[in-house]
1. Here's a check for you: in the range 375-393, which residue that is of a type in the set (A, V, I, L, M) and crowded, with 19+ Cβ neighbours inside 10 Å is farthest from the chain's Cα centre (by Cα)?
2. Which condition number does residue 539 fail, the rest of (1) crowded, with 16+ Cβ neighbours inside 10 Å; (2) more than 26 Å from residue 307 (Cα to Cα); (3) charged (D, E, K, R); (4) at pLDDT below 90 being met?
3. Which one of the conditions (1) touching a residue at least 60 places away in the same chain (Cβ under 8 Å); (2) assigned to a helix (DSSP H, G or I); (3) within 25 Å of residue 75 (Cβ to Cβ) does residue 140 fail to meet, given that it meets all the rest?
4. Please go through the range 394-413 and give me each residue that is surrounded by 14 or more Cβ atoms within 10 Å (Cβ to Cβ) and either over 27 Å from the mean Cα position of the chain (by Cα) or among the hydroxyl-bearing types (Ser, Thr, Tyr) (or both), ordered by number.
5. Would it be correct to say that residue 234 is modelled with pLDDT of 95 or more and either of a type outside the set (S, T, N, Q) or not in a helix (DSSP H, G or I) (or both)?
6. Would you tally the residues in the range 310-338 being part of a helix (DSSP H, G or I), out of contact with any strand residue (DSSP E or B) (no Cβ under 6 Å at 6 or more places or on another chain) and at pLDDT 95 or above?
7. Please work out which one of (1) of a type outside the set (S, T, N, Q); (2) touching a helix residue (DSSP H, G or I) at 6+ places or on another chain (Cβ under 6 Å); (3) buried (at least 21 other Cβ atoms within 10 Å of the Cβ) is the condition residue 496 fails and give its number.
8. Where in the range 1-90 are there helices (runs of 4 or more DSSP H), lying wholly inside it, with at least 2 residues that are touching a Ser or Thr at 6+ places or on another chain (Cβ under 9 Å)?
Amino acid sequence: MLWLDGRPRLLLAGEYPYYRDDPQRWSAKLQAMREAGLEVVSFYIPWRHHELDDGTRRFDRDGNRNLAAFLEGISKQGLYALPKPGPFVHAELQFGGLPDRVSPSVDPAREAAVSAQGEPLRSQRLILPAAEDPAFLADVCEWLRAAGDALRPFLYPDGPIVAVQVGNEGNYLETALAIDALGYSASGIAAFRFFTAGLDPPARWPALGAAEELVPLLRWGAWSAEALAAALRRFAGYLDLDVPALANLSPPPRADRCPARQGGRYDAWVARSQPERHPDIHYGYTNWTGNALVDDEALVNYVLAAKRRRGPNLEENWSLRWVDPGRGFAVVPVFHALLGLACGATGIDVYTACATDHWGDHLVVDRDFLREAMGDPWLLDPPYGDAAPIDARGYPGPSFDALRVLTHFLSHEGPAMAQARPEPGITWWLYPPYAALRAWDPPAGGGAGSCPSVASTLVPFVTHCLHRGIPFALENLETGGPRAGDGPAVVASGLFMAEAAQERLAAFVKDGGALLLLGQVPLLDDHFRPCALLASRLRQVRELSAVIVAGDDQGVDALIDTWLALLPAVRTQPADRSRLELRLVSHDEEDVFVLVLSRLAARQRAITAVGGCVVSVDLAPYGCAVVQVSGGRLRACYVKGVNEQAGMGVPVEVQAGPDRITSTHPCDLSMVESSGGFEVRTAGGKPANRVTLPAAR
């Protein structure tokens, strides 16, 4: 969460790519962002934009390279700033914002980023430099130090910068790449050998799959996560800015974007994306998963990213219709924003908040590449972010009013939501070494490599929990472990497990903890030496506590339901695919945010209970709502009552105990408590719309 002057709040950010715009429009658009209720301006700082042909770097006195003037404009509008200087930023820029000179395609003396098969990693048609190459690191250091020097005079509280983002989904978006997609350059291999005291990196699943042959695969998984963490720490060190540093890790890749190793794409994500390895770099995530309103894969992938660790959504598509036509309608990004917050996210970032149409040829993506890869050489022509809440001229865009209603609610209730926690329930304990092996898609069969895959265990678990309204969390068994007071725990298990992890689970069971172990009980440690510590403990207590050991040939959903029958304290609902219900609970357990999200193409009424208080809300097709209940009374609510894409909506009707709020016509609505009663903001309703509020208290 964002802390300012000792107080927590949600990050309410919007992206403004100043480098794509005429500086004369900066002021009007920044003012419009403030009027939209956004509080923080996020923006990439493209290296190739600020580096001139003579090698000098300019951050002032040069059109839309005048970063200092842009930051001053942010400050004048009373906004905060979140700069993102890369080095690689993507952002639909040529070569991801890197200068061409660092590419081995331009300078063959440079070391290329390559896969285990020796294939170079490219951005558009240019080969990317090896992330560990000393020459490239020297260039990165010089760039980030120059950027840090330019930003330092504008740090909070004297200036608007409250945080900085380092990297972009890793070095080169590798948090969504296959486990062997990069790192096999000479410098990468040398770094791996240093990390492992001399091991050679794996290139494929070993022929025999014997225990000793699997060690390099396990170490490569650990190295992939550590290399990413080290890169983020390195970038933050080069910048040397005394504000929090954030990372934006991606969700797991979609099947259609990962043609190779379909089974291992989730495992590669778990193995590499381990935010516990960089606690000094705060977690954030992006959402480029697809449309979670109608796509189950997008829904699960989004939830995995949002629940992996608490942090803000640092990039939510509100404007790029070429990615998803639905992004031209506020109902889609609002659904994703509330879904993330319901999972524990600590903020939103509207990407992009402003459409732009003014940039130089040096930023234009290779048109031949666009023709070959996307089928349209003009796909990224101006305006960039054509459906943004603020249009290219600085006027309100199609989703401006809807955004204002959402930010009205989040700005008032954000501090409480930031401090609330997702409803306690089941904790799934990830064990990344299994993912490090399964990311290679090993052949079927037993042996030391026999271990569960994320796709066959965690994914169906998440799907089932969402459909049955079962609250859950994700944690890492390598860096922590369940305690009896933390609630029930689930672990997908294989033949081996580190002794320390076995000890944590054994202690949990001994103290009466409820454990569901999916798969086989480990009999070896992570060096494949005999270790039956957990097996011994389970033999002693499994008949006396809520402990189930189940083979991996049984359905995860049925096992969860059987186990939960022994655990009445965990809230469940009848299976329902028409909507999602998630909750945030404050320290006062009678103060609850109920978030309901429709996945139905028709209106519906959602009814639930918070303690003894019955809560009901009418949902538009694919609409969503937040209802805050405190002490059995309605305290605040937000309703997305208009589906712009379907051209349909429902009048607002929310009831919590004795309190009720209604509108005469479909609209988006935010209601919050104020000193004189309730404050309401609406959008999308007819001029004759009338709102009936709860009785004054």
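1. Looking only at the range 375-393, we keep the residues that are of a type in the set (A, V, I, L, M), and these are 379-380, 387-388, 390, 392.
Filter once more, so that each one left must be crowded, with 19+ Cβ neighbours inside 10 Å: 387-388, 390, 392.
Values: 387: 22, 388: 21, 390: 24, 392: 28 Å.
Result: 392.
2. With (1) crowded, with 16+ Cβ neighbours inside 10 Å; (2) more than 26 Å from residue 307 (Cα to Cα); (3) charged (D, E, K, R); (4) at pLDDT below 90 applied to residue 539, the lone miss is (1).
3. So residue 140 meets the others, but not (3).
4. Within the range 394-413, 394, 396, 399, 407, 411 qualify.
5. Numbers: modelled with pLDDT of 95 or more: yes; either of a type outside the set (S, T, N, Q) or not in a helix (DSSP H, G or I) (or both): yes.
In short, yes.
6. 1
7. Residue 496 satisfies every listed condition except (2).
8. On the way: elements: 26-35, 47-50, 67-76.
So the answer is 67-76.
The values are calculated or read from the model by the stated rules, or taken from the named source; none is laboratory data. Just so it is clear, the model here is predicted, and its values are computed rather than measured. Neighbour counts run over all protein chains shown; Cβ positions are idealised from the backbone, glycine included.
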